[in-house]
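Worksheet: one structure, shown below.
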Amino acid sequence: MPTASRLVLLCGTAFSGKSTVARTLAPSLSASIVSLDEINERRGLWGGDGIPVEEWMRTHELASGEVRGLLASGASVVVDDTSSPRFLRDGWRSLAAAAGVRFTLMYVDVDHATIRRRRAANRLDPRRRDVSDAVLDQHLTDFEPPAADEDAVRVTSVEDLQHLAL
């Protein structure tokens, strides 16, 4: 079993900066990024419009398959997703254990006011797709942050990565 491989699972709300953290973190770990948003896009789905639960579960199945394959080849992986609710995080934790790799949960913790400012800025960029008010409101209401027993590494921005020993 690969011993140097690892799985880093990002967790945080929409617009918290998870993708930016993933792109910054992955090179330092020589890791591949598996983005559930990108898998949804390949499938013709957009989370900003709302995605039925069964479609999200299929996306998670596809992501899990990609991650298992990468870990089996000896690669490290950063999973870019909201990772809410907890049972999803527990599933990734189990996948890492089954693969015999180190698991790190990284919580990108950003307040709702910042999230809403970032979404407003996103709306001004014609290259970016929108997230509806209803979808964002429901997402922020339903999001389950990691509990203390999950031992999440908490960051608020990519600048925090400079101070971490992963």
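The values are calculated or read from the model by the stated rules, or taken from the named source; none is laboratory data. If you're wondering where the values come from, they're calculated on a predicted model, not measured in any experiment. Every residue, glycine among them, receives a Cβ derived from its backbone with ideal geometry; neighbour counts consider all protein chains shown. Surface areas here come from the heavy atoms of the whole protein model, side chains and all, with no ligands, DNA or RNA. Shrake-Rupley method; radii C 1.70, N 1.55, O 1.52, S 1.80 Å.
Of note:
- Single residue of the stretch 45-86 satisfying the filter (open to solvent by 50 Å² or more (accessible area, probe 1.4 Å), of a type outside the set (G, A, S) and not in a helix (DSSP H, G or I)) that is farthest from S35 (Cα to Cα): P52
- The residues in the stretch 33-44 that are under 13 Å from the mean Cα position of the chain (by Cα), farther than 21 Å from A99 by Cα and open to solvent by 40 Å² or more (accessible area, probe 1.4 Å) can be counted, and the count is 2.
- In the stretch 146-166, the residues that are open to solvent by 70 Å² or more (accessible area, probe 1.4 Å) and touching a residue at least 40 places away in the same chain (Cβ under 8 Å): D151, R154
- All positions within the stretch 113-145 that are part of a loop (DSSP other than H, G, I, E, B), open to solvent by less than 40 Å² (accessible area, probe 1.4 Å) and under 14 Å from G12 (Cα atoms): F143
- Scanning the stretch 87-112 for residues that are more than 15 Å from the chain's Cα centre (by Cα) and part of a loop (DSSP other than H, G, I, E, B) turns up G100, V101, D111.
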